[in-house]
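Q: My questions will all concern the structure given below.
Read-outs throughout are calculated quantities, based only on the coordinates presented, and are distinct from any laboratory measurement. All values derive from a computational prediction rather than experimental measurement. Glycine also receives a Cβ, built like all others from the backbone with ideal geometry; neighbour counts cover every protein chain displayed.
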Ligand code: ADP
């Protein structure tokens with residue numbers, strides 16, 4: 001409310017009315033003190049002549065300390081007055097001074113001591129002395145702000161009273177109304193302009209007046225306040241329920257001045273209340289019917305209100321459940337309490353709707369499952385939370401759920417069990433099939449002849465992968481059966497092949513052999529039947545299985561497998577391991593059998609070699625002296641002996657020749673047996689060849705008076721066999737000579753052949769005594785003469801044995817058909833060939849000639865030098881004797897190869913005779929050196945040997961030999977070959 005500064009207001013008369021002159025002459029301080037004592041106003045006085053301003057205490061209290069002398073006091077006032085009002089006041093005062101006005105009234109705003117503007121309503125007395133001179137200005141001001149506030153407050157109160165919907169009235173203690181607000185008037189049916197002259201008793205019905213007058217008013221007078229329910233009476237006569245408050249108001253002296261009453265119409269509230277009660281009852285009924293319990297927890301006072309059949313649910317009644325949330329928590333199952341508290345905290349924090357399940361203990365003991373569902377609210381001030389919701393007993397449901405879950409779980413468990421069983425069964429079947437496959441494969445490898453060592457390693461690999469073990473070994477028993485040797489091993493940290501393990505309880509393998517059956521060890525650390533090896537323990541192995549590798553008479557070894565994990569080896573694991581062992585048994589036994597056969601063969605071969613060696617040496621040793629005998633016999637023949645001597649020489653010669661052929665035959669047999677008989681198969685024309693053989697034998701046949709018959713085969717075209725011509729000759733001559741020898745006087749020998757498809761059969765039939773069937777089997781054994789040894793017929797019993805050997809080596813057959821007293825037919829079959837015989841590939845004849853290439857015609861007058869390198873003194877002397885009658889030849893001799901080489905280089909001989917067997921180096925080596933030395937390489941060399949050289953001839957020719965001579969020398973043959981080589985023939 002903005003004052004109108006300086007406007008003239010209706011002034012209340014001051015209580016003082018001194019004359020201006022009196023006042024002007026007064027002392028300022030006294031005047032101010034006086035005025036202060038009689039008014040509540042702010043007073044100040046300005047003594048113009050003394051230039052002094054005096055303020056009363058109220059002024060100082062309201063506006064603060066101010067300077068007391070003029071003009072500082074005036075400046076202070078100006079600085080505090082509202083600038084808008086200041087100009088107006090100046091005008092006012094200037095006018096007053098100008099016209100000599102003595103009184104001014106105005107309003108203005110000024111800052112109080114709290115620097116807030118207050119409106120002062122002021123009256124100024126401008127006092128003059130008798131001469132009209134201004135003596136003093138006395139100003140009395142009143143702070144209008146407080147009054148304005150009081151007036152405003154009252155107006156507001158009145159407005160509130162008038163605006164309120166409650167009945168507000170005031171009455172004297174005696175019961176006469178003097179104020180009723182608008183709402184009150186309406187309530188009791190009073191019109192607005194109707195004068196208010198009512199007794200309190202008139203506005204209440206009779207029964208209510210009883211309360212009002214006997215209880216309410218006396219209580220209010222006594223205590224200052226009464227509250228209760230009464231009723232009001234409307235002008236139309238109807239009464240209605242009200243709540244009523246009475247207040248007594250006392251005066252300064254303590255007596256009750258009046259009584260005020262605030263009355264509220266309860267008609268609607270009552271109805272609502274009734275409705276609410278009805279609703280509450282219905283609500284409660286509904287809750288009870290639902291079997292749920294409603295709760296309402298107030299977080300401020302921790303109280304919980306319940307509705308519904310609490311007792312039925314918990315067993316406790318409302319009284320027993322008193323104690324708020326803490327009491328409720330006592331019932332909760334300890335296991336569920338943490339999650340309950342957590343949910344409460346969460347709901348308080350998030351204010352989300354909540355739902356949780358927990359167990360509480362019923363008064364009777366058992367726990368029941370509760371479901372709690374509800375909402376969170378804040379109180380009106382938004383400070384304290386309330387959780388409101390329902391409890392539902394879900395025990396039965398929970399039990400069903402649990403039972404269902406249990407049933408489900410057990411069903412799932414059973415399904416899982418069955419599935420696992422099925423999987424195990426499938427795996428087992430697969431495993432078994434896998435195992436059988438592996439064993440079968442191993443068996444196949446064994447049969448295919450994989451070396452045993454390799455087979456053992458494969459067996460261990462299979463064992464490791466199939467049984468899924470960490471280590472496995474194959475231990476073989478030593479020959480003395482005293483210990484084991486590791487033959488193969490897999491998975492061990494260190495190679496331990498050839499480690500040895502003891503028998504008996506000293507090792508699992510030993511124990512396996514001892515009890516003669518598989519051993520399964522579930523835990524090696526707990527094993528008491530035997531002692532495990534340090535290696536097994538150090539490797540950290542825990543379970544094992546071992547089986548025997550059985551032999552025919554005794555175990556051959558043990559197969560053993562280990563795992564680092566604890567494992568129970570099943571019977572089928574053992575069975576598998578045993579199957580592998582059985583495969584190995586067969587393989588080991590086969591290896592041993594093969595070993596035995598191999599050793600036997602080696603021994604036989606060794607014996608055979610020794611025999612051949614012996615025979616070869618012996619024949620060499622025999623032939624050397626025989627050579628000398630025959631040689632010197634020939635020399636004797638040359639020296640014109642007497643007839644007696646001729647006969648003796650003839651005997652010696654015959655005996656020597658016989659002995660020589662015998663030696664040669666023995667040598668051949670030994671070569672055949674050793675598989676070393678050198679053969680040169682070539683196409684041989686059969687008719688031509690047989691006729692040639694007959695011619696050779698003819699002198700013998702003639703001597704025995706036996707006819708020789710050749711029967712040509714019916715076959716058209718050439719008949720040829722593939723055979724070594726010389727050896728076949730040997731066979732044919734043997735058969736023909738036998739036919740002649742074992743014939744009867746006047747008998748005959750018939751030779752025939754016939755075509756038998758892929759082979760040709762040659763038959764020699766005689767008319768002799770025949771051979772008894774029981775003797776035929778022995779016919780082809782060496783040195784077997786079947787009684788002929790006691791007759792005049794010469795023979796050694798080697799011929800047929802050698803012949804069969806030769807024919808067999810030529811891929812043919814030799815056999816006999818014989819009838820006692822009628823004669824025998826010996827037949828030979830040989831593979832047929834259609835190739836034509838080639839003369840050029842013929843091997844040189846045994847007593848060969850020198851190569852024509854080196855033979856040049858020598859100068860007849862010149863002495864020719866022959867170097868003979870030979871270690872046998874007898875042979876040297878023989879050749880000396882042969883050449884001594886021939887002065888055109890000079891003989892040089894050397895008994896060692898080295899010396900021979902030196903002599904050759906020194907003397908440049910015309911011919912070198914070189915023996916194959918020399919003490920310092922082999923004859924072929926001497927030949928090689930001769931031919932590689934340009935000084936002597938052109939000199940022809942004839943190789944000399946007591947051995948039939950056979951397959952070596954070609955090689956020697958290739959090395960550069962011109963030809964060869966076989967000892968013993970036949971004199972004429974010797975000279976012919978030598979002269980040919982020297983180019984003298
Ligand atoms: P050898 O004639 O030197 O005794 P063989 O090996 O040629 O040796 O013959 C072995 C033996 O077989 C002869 O000793 C002889 O008893 C017998 N035999 C060989 N050929 C005939 C034959 N044609 N008729 C009867 N017996 C024969």
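Q: What 222 nm value per residue comes from the helices of the chain, counting each DSSP H run with n ≥ 4 as -39,500 (n - 2.57) and dividing by all residues, nearest 500 deg cm²/dmol? Walk me through the numbers before you get to the answer.
A: Numbers: 29 runs with 429 residues, N = 985.
Result for the chain, helices only: -14000 deg cm²/dmol.
Q: Over region 860-939, what is the relative contact order in percent, taking alpha-carbon pairs closer than 8 angstrom and at least six residues apart? Mind dumping the intermediate values first?
A: Values: 122 pairs, mean separation 27.7, N = 80.
About 35 percent, as a whole number.
Q: Pop a pseudo-label 7 angstrom from the Cα along the beta-carbon direction at both residue 648 and residue 91 and give the gap in nm to one decimal.
A: A separation of 20.9 nm, rounded to one decimal place.
Q: Rank the residues 494, 470 as a footprinting-exposure proxy: fewest other Cβ atoms within 10 Å of their Cβ go first.
A: Details: 494 9, 470 20.
Ordered by Cβ neighbours within 10 Å, fewest first: 494, 470.
Q: Also, I was wondering about something else. Under the Kirkwood approximation applied to all pairs of distinct alpha-carbon atoms, what is the hydrodynamic radius of the chain in Å? Present the calculation step by step, with values, prior to reporting the outcome.
A: On the way: mean 1/r = 0.0206 Å⁻¹.
With all distinct Cα pairs of the chain included, I get 48.6 Å.
Q: Can you grab the distance from the C-alpha centre of region 262-289 to the C-alpha centre of region 47-104, Å, no decimals?
A: Going from one Cα centre to the other spans 70 Å.
Q: Taking every pair of alpha-carbon atoms in region 557-651, what share in percent sits in each 5 Å bin, from 0 to the bin with the longest distance?
A: Once binned at 5 Å, the Cα pair distances of region 557-651 give 3, 9, 10, 8, 7, 6, 6, 6, 5, 5, 4, 5, 4, 4, 4, 3, 3, 3, 3, 2, 1, 0.
Q: While we're looking at this one, here's another question. Where Rh is the Kirkwood radius over the Cα pairs of region 45-91, the temperature 4 °C and the viscosity 1.567 mPa s, what D in µm²/s does Stokes-Einstein return?
A: Details: Rh = 11.4 Å.
Once the numbers are plugged in, D ends up at 113 µm²/s.
Q: In nm², what is the average projected area of the convex hull enclosing the Cα atoms of region 767-838? Numbers along the way, then the final one.
A: Working: hull surface 25.5 nm².
Mean shadow area of the hull around the Cα atoms is 6.4 nm².
Q: Cα-based Rg of region 154-286 per 2.2 N^0.38 Å, rounded to two decimals?
A: Numbers: Rg = 16.6 Å, N = 133, 2.2 N^0.38 = 14.1 Å.
Here the answer is 1.17, to two decimals.
Q: Any chance you could run the full-extension gain for residue 880 through residue 564? It's 0.36 nm times the residue separation minus the Cα-Cα distance, nm to one decimal. Display every interim value, and only then the final one.
A: Working: separation 316, 0.36 × 316 = 113.76 nm, distance 9.02 nm.
In short, 104.7 nm is gained.
Q: Calculate the spin-label point distance for residue 617 paired with residue 972, positioning each point 7 Å from the Cα along the beta-carbon direction, and give it in nanometres.
A: Once both label points are built, they end up 3.8 nm from each other.
Q: So between residue 194 and residue 357, what do we pick up on full extension, going 0.36 nm a residue minus the alpha carbon distance?
A: Working: separation 163, 0.36 × 163 = 58.68 nm, distance 6.85 nm.
The residue 194-residue 357 span can extend by a further 51.8 nm.
Q: Would you mind getting me the FRET efficiency between residue 834 and residue 661? Use the beta-carbon distance for r and R0 = 41 Å, nearest 0.05.
A: 0.70
Q: Quick one: work out the % antiparallel among DSSP beta bridges in the chain, nearest 5. If you can, show how the numbers build up before the last one.
A: Working: 138 of 161 bridges.
Percentage antiparallel, nearest 5: 85.
Q: Using a 7 Å offset from Cα along Cα-Cβ at residue 117, what residues in region 76-94 end up with backbone N under 14 Å from the label point?
A: 80-89
Q: I'd like to compare 256-267, 274-285: which one has the highest average count of other Cβ atoms within 10 Å, and what's the full order after that?
A: On the way: 256-267: 18.9, 274-285: 11.2.
Ranked by mean Cβ neighbours within 10 Å, highest first: 256-267, 274-285.
Q: Quick one: Cα convex hull volume of region 365-450, Å³ per residue?
A: Numbers: hull volume 18.5 nm³, N = 86.
Dividing the Cα hull volume of region 365-450 by its residue count gives 216 Å³.
Q: Between residue 61 and residue 335, what length in nm is gained on full extension when 0.36 nm per residue of separation is reduced by their alpha carbon distance? Present the calculation step by step, with values, prior to reporting the outcome.
A: Values: separation 274, 0.36 × 274 = 98.64 nm, distance 7.29 nm.
Taking residue 61 through residue 335 to full extension adds about 91.4 nm, to one decimal.
Q: If one computes the Cα centroid of region 453-483 and of region 159-184, what distance in Å separates the two points?
A: What the calculation gives is 122 Å, centre to centre.
Q: Using a Förster distance of 51 angstrom, determine the FRET efficiency expected from the C-beta separation of residue 896 and residue 500, and round it to 0.05. Mind showing how you got there, number by number?
A: Values: r = 56 Å, r/R0 = 1.11.
Calculated transfer efficiency: 0.35.
Q: If you don't mind, there's one more thing I want to ask. Rg and Dmax in Å for region 599-707, alpha carbons only: what are they?
A: Cα only, region 599-707: 19.6, 62 Å (Rg, Dmax).
Q: Sticking with this one: Could you work out how far the C-alpha centroid of region 518-557 sits from that of region 332-408, in angstrom?
A: 65
Q: On to the next question. Kindly state, to the nearest 0.05, the FRET efficiency for residue 240 paired with residue 301, given R0 = 30 Å and r defined as their beta-carbon distance.
A: Here the calculated transfer efficiency is 0.25.
Q: Can you compute the modelled spin-label distance between residue 813 and residue 421, with each label point 7 Å from Cα toward Cβ, in nm?
A: So the two model labels end up 7.3 nm from each other.
Q: At 20 °C and a viscosity of 1.002 mPa s, what translational diffusion coefficient does Stokes-Einstein give for region 884-985, taking Rh as the Kirkwood radius over Cα pairs? Give it in µm²/s as a whole number.
A: Values: Rh = 14.0 Å.
For these conditions, the coefficient is 153 µm²/s.
Q: Per q in 0.15, 0.16, 0.28 1/Å, what log10 I(q)/I(0) does a Debye calculation on the alpha-carbon atoms of region 715-776 return?
A: Debye output, listed in q order: -0.60, -0.67, -1.17.
Q: May I ask for log10 I(q)/I(0) of region 295-449 at q = 0.11, 0.13, 0.14 Å⁻¹, from a Debye sum over the Cα atoms as equal point scatterers with solvent left out?
A: Once normalised to I(0) and log-transformed, intensities are -0.59, -0.73, -0.80.
Q: Can you give the three extents of the C-alpha atoms in region 396-443 along their principal axes, from longest to shortest, in whole Å?
A: 69, 7, 5
Q: Also, I was wondering about something else. For region 132-197, what size does the Cα cloud have along each of its three principal axes, sorted from largest down, in whole Å?
A: 69, 24, 24
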